[in-house]
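Undergrad: This is the structure, below, for whatever I ask next.
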Amino acid sequence: MTNAINPYEVRSVSDILSEFRVQVASGLPLSEIPLRQKTYGLNEVPEDSPSLLWVFAKHFWGLTAFMLEFTILVSLFLHKYMDVYLIGGLMLFNAVIGFIQERKAAKTVRALKGSLRVMARVLREGKWKEISGDQLVPGDIIRIRTGDFITADAKLVTGEATADQSALTGESERIDKKEGNILYAGSSVKSGECTAVVISTGSKTFFGKTAELVQKAKPRLHMDQVVTSVVKILFSIVGVFLALTITVSLIRGETFLSGLPLMLILLISAVPVALPAMFSVSMAMGARKLAARGVLISRLNATEDAATLTTLCIDKTGTLTQNKLSVQETVAADGFTVTTVLQYAALASVAADKDPIDMAFLEKLEEEHIDLSSFRQVSFTPFTAALKRTEALLSQDGKSFSVSKGAYNTIKELCPTPQTGFDQKVEEWGAKGFKTMAVAVTRDNMTRWVGIAALTDPPLADSAGMITQIRALGVTVKMLTGDALPIAREIAVKVGIGANIAPANLFRDETAVDKKWQVILSHDGFAEVLPEDKFDIVKTLQQHQEITGMTGDGVNDAPALKQAEVGIAVKASTDVAKQAASVILLQDGLESIILLISSGRAIHHRITNWVTSKIAKTLFTVVFVCTSYLLTGRFIVDAFDMILLLLIVDFVALTLSTDNVAGSKKPGSWGIRPLVKLGFILGLLNCAEAFGWFFIGRRCFPLAGIDEMHSFGFAILFFTGIINILVVRTPLRFYRQPIGKILLFAIIADAVFAIAILTLGIPGFAALPPLVTASTLLYFTLCGFLVNDWMKTKFAQVGSSAIPH
């Protein structure tokens, strides 16, 4: 914390309320809000976004860009000015594509920000309501509770809270706040409840900023590792064959400078120029599709991890159930009535908190038209993990007493005298999946039963079907809930998770990691789970190489959400839970999670398809060009041909990012070895087929001069590359997966363009007889679809079925 003193810290609450002309009981009048927003502005700090020029320029920086720029330098040295223009054009095209997609992605995020803004409970004209945090103005009376993220500086009027200010100060120690203290924007409330008056908003807050909900973390992505690995592999291929070829050339008596054109050709063939654009397009399309379906990605690597997710830990409330409690049945203790039970339960609640349990009793009270006017709530103690109940000090007819509301076992410990029939009733309700809340009253230091009530939060209609679909994707599902064992088991059975639910202490009591792992493996889920249990379960799964997802909604779920590779905050989550998560759902239920997994796998598949295609094409090109040079003493293609191929083949491969793909039924992997294996197999097959056709062509076709030979070599490389794209785009046989319209159009357009220049010729490019072009196309089509496609299915990792996407 800074040593500076906030002037509002030393001023009294009454002084500040007077300054802002506001009453604690009623809040600001609605007519005052527009005037104050005009005076103070919205409660937000303008973002420092980089200039568009800088966003565009950064596409010329990085490993791939450096490789292209080095190639330009070599071209300049060799006075290949046309190559310089073409390579520069390719770099510009790549930068434009990446820039456009980044702008589209940024626009999508801005459009969703309204759905993700931190909400605040505010009192205006005597009514509590929830508004977006950016609409707060100085003088607003707000209600703060456990799990809230503070968006404006506010001075406590009543109540107490413990705040985490580590996001502001870097200090992990929690700070106790009481009446007269200030809660600063950017901090989060870990426990307690209070009412406060807003004193500063936006850039006027004491720290000069409002902490953003969606943090701009930049973890190292798996995709970055893929790019690095691919570049290393491609240049290793080029380096080996280039060294071999130049060595042989030197032995023949040729000069080193004579090998520079070959270096240029191979460098151009190896540059993965479209790879960054491929990533940009794939991620942008995935983000837009997820955003349109109510799934916001707040950590960049979330879709990548979703593609490889193996175990999903699901919190019951709000994910499997409707997250709306209602009172189904009430039983009064001896000497009390059902009405009294409902009255006391409602009096041990606070409407401003919008707590689901509190709201269930308050709504039941309103539904039954039960009056509370004879009671006065003197003070209220909110639920905490330590207290495990709410308490209220009440006054009626001049007499004071307190009431407590909590889980049945918690209240049972307070009451020395048991109530006949309650245990049996609670067991009966538990078998039906009801949650039991109990109420007790304390008078003259004596606590006694008031009654019990059954609350229900029924499963969502589609939960069972969604669980079946998630398991069909090869993801193991575990339910983790703080509810009692009978309730947890009932819900688990209803949604199809299974009846093998154990109490969390079975896991908690084990000390050895391997034994904890065995407990997790042997059960479908756990009941009576504490926050630290969720964290430990996630960590244990990760220690055994599981890619773990975790759903949650409360402040106590935050550690587990942060620890999980895919932390998912459900729709009704607290602000702190949303901060910790990498995925935020804007809709209830599991459908969004299925969409996340399938989208992640589709992106994963598109990228691995491109990588496989690039490895195969580079290996084929390098081996074919170098071997042809060694055998004939001539370059079968020149640098201009390679640049043209790079333009019309690699950027057709870019449209793989829009293709209809089939995500594997099993979790994916970012291991590069299977891609290299398949790429090498296809590349070597291409080499064998190309050399066969090359020697057939030299004997059978009228290829008199070097220009015709260059055109023939171009035809071989082009048709092999195009057919190869169709082969690698699916792990199935090529005819079993419908092709995307954009990819099909790009391939047809490319083929028409290539056939036109091969048939008609262009400056520096000799025309070929139509028979040569047609027979070359037919030959490589037959080789690709009859031989290579069949071989691919034997080596590719194919799931037993696929998910259309």
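Undergrad: I'd like to verify a number: residues in the range 425-453 that are of a type in the set (A, V, I, L, M) and within 13 Å of ASP483 (Cβ to Cβ), how many?
TA: 2
Undergrad: Kindly establish whether GLU413 is within 27 Å of GLU160 (Cβ to Cβ), open to solvent by 40 Å² or more (accessible area, probe 1.4 Å), at pLDDT 90 or above and of a type in the set (Asp, Glu).
TA: Answer is yes for this residue.
Undergrad: Next question. State the number of residues belonging to the range 429-471 that are at pLDDT 90 or above and in contact with a strand residue (DSSP E or B) (Cβ under 9 Å, 6 or more places away or on another chain).
TA: So the answer is 20.
Undergrad: Here is a further query. What are the residues in the range 747-795 that are open to solvent by less than 40 Å² (accessible area, probe 1.4 Å), of a type in the set (A, V, I, L, M), in contact with a helix residue (DSSP H, G or I) (Cβ under 6 Å, 6 or more places away or on another chain) and closer than 21 Å to CYS687 by Cβ, if any?
TA: ALA754
Undergrad: For the range 184-240, enumerate the residues that are among the acidic types (Asp, Glu), modelled with pLDDT under 80 and either outside any loop (DSSP other than H, G, I, E, B) or open to solvent by less than 30 Å² (accessible area, probe 1.4 Å) (or both).
TA: ASP224
Undergrad: Would the range 793-800 turn up any residue that is at pLDDT 85 or above and in a helix (DSSP H, G or I)?
TA: yes
Undergrad: Restricted to the range 369-394, and to residues that are aliphatic (A, V, I, L, M) and in a strand (DSSP E or B), which residue is nearest to the chain's Cα centre (by Cα)?
TA: This residue is ALA392.
Undergrad: Going by what's in this entry, would LEU365 be described as over 21 Å from ALA527 (Cβ atoms) and either touching a residue at least 60 places away in the same chain (Cβ under 8 Å) or open to solvent by 30 Å² or more (accessible area, probe 1.4 Å) (or both)?
TA: no
Undergrad: If we scan the range 167-177, do we find a residue that is of a type outside the set (Phe, Trp, Tyr), buried (at least 21 other Cβ atoms within 10 Å of the Cβ), modelled with pLDDT of 80 or more and closer than 28 Å to LEU296 by Cβ?
TA: No, the range 167-177 contains no residue that is of a type outside the set (Phe, Trp, Tyr), buried (at least 21 other Cβ atoms within 10 Å of the Cβ), modelled with pLDDT of 80 or more and closer than 28 Å to LEU296 by Cβ.
Residue-by-condition table, conditions (1) assigned to a loop (DSSP other than H, G, I, E, B); (2) open to solvent by 40 Å² or more (accessible area, probe 1.4 Å); (3) in contact with a Gly (Cβ under 7 Å, 6 or more places away or on another chain):
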residue	(1), (2), (3)
LYS324	yes, yes, no
GLU329	no, yes, no
ASP334	yes, yes, no
THR339	no, yes, no
LEU342	no, no, no
ALA345	no, no, no
SER349	yes, no, no
ALA352	no, no, no
ASP358	no, no, no
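Undergrad: Which numbered condition trips up THR730, out of (1) outside any helix (DSSP H, G or I); (2) open to solvent by less than 20 Å² (accessible area, probe 1.4 Å); (3) touching a Phe, Trp or Tyr at 6+ places or on another chain (Cβ under 7 Å)?
TA: The failed condition is (3).
Undergrad: Of all residues in the range 466-489, how many are more than 23 Å from the chain's Cα centre (by Cα) and open to solvent by 10 Å² or more (accessible area, probe 1.4 Å)?
TA: 7
Undergrad: Do you know which of the residues in the range 758-770 that are in contact (Cβ under 8 Å) with a residue 24 or more places away in the chain and aliphatic (A, V, I, L, M) is nearest to PHE640 (Cα to Cα)?
TA: ALA766
Undergrad: Give the residue that is nearest to ALA306 (Cα to Cα), with candidates limited to residues of the range 490-518 that are buried (at least 18 other Cβ atoms within 10 Å of the Cβ) and among the β-branched types (Val, Ile, Thr).
TA: This residue is ILE497.
Undergrad: If only one of LYS516, LYS562, LYS534 is more than 23 Å from ILE491 (Cβ to Cβ) and under 22 Å from the mean Cα position of the chain (by Cα), which one is it?
TA: LYS562
Undergrad: Sticking with this structure for a sec: Does any residue of the range 655-671 turn out to be of a type outside the set (Ser, Thr, Tyr) and closer than 30 Å to ALA766 by Cβ?
TA: For the range 655-671, residues of a type outside the set (Ser, Thr, Tyr) and closer than 30 Å to ALA766 by Cβ: absent.
Undergrad: For the range 640-688, how many residues are more than 24 Å from GLY740 (Cβ to Cβ) and β-branched (Val, Ile, Thr)?
TA: Residues flagged as more than 24 Å from GLY740 (Cβ to Cβ) and β-branched (Val, Ile, Thr) within the range 640-688 amount to 4.
Undergrad: Among the residues of the range 374-397, which ones are at pLDDT 90 or above, out of contact with any Phe, Trp or Tyr (no Cβ under 6 Å at 6 or more places or on another chain) and more than 14 Å from SER349 (Cα to Cα)?
TA: Within the range 374-397, SER374, SER395 meet the criteria.
Undergrad: Where residues in the range 624-676 are among the acidic types (Asp, Glu) and in a helix (DSSP H, G or I), which of them is farthest from THR247 (Cα to Cα)?
TA: Out of the qualifying residues, it is ASP650.
Undergrad: List pairs: first in the range 702-714 and open to solvent by 60 Å² or more (accessible area, probe 1.4 Å), second modelled with pLDDT of 80 or more, Cβ under 9 Å, 6+ apart or cross-chain?
TA: Cβ pairs passing all conditions: PRO702/GLU708; PRO702/PRO769; PRO702/VAL772; ILE706/ALA766; ASP707/GLY761; ASP707/ALA766.
Undergrad: Output the residue which, of all residues in the range 634-647 that are at pLDDT 75 or above and open to solvent by 10 Å² or more (accessible area, probe 1.4 Å), is farthest from ASN609 (Cα to Cα).
TA: Filtering first and then ranking leaves ARG634.
Undergrad: Follow-up. Considering only the range 76-93, state which residues are hydrophobic (A, V, I, L, M, F, W, C) and open to solvent by less than 80 Å² (accessible area, probe 1.4 Å).
TA: Within the range 76-93, LEU76, LEU78, VAL84, LEU86, ILE87, LEU90, MET91 meet the criteria.
The values are calculated or read from the model by the stated rules, or taken from the named source; none is laboratory data. Every value quoted in this text rests on a predicted model; they were computed, and no experiment measured them. Ideal geometry is used to build each Cβ from the backbone, glycine not excepted, and the neighbour counts take in all protein chains shown. Keep in mind that these areas ignore ligands, DNA and RNA; they rest on the heavy atoms of the full protein, side chains included. Shrake-Rupley method; radii C 1.70, N 1.55, O 1.52, S 1.80 Å.
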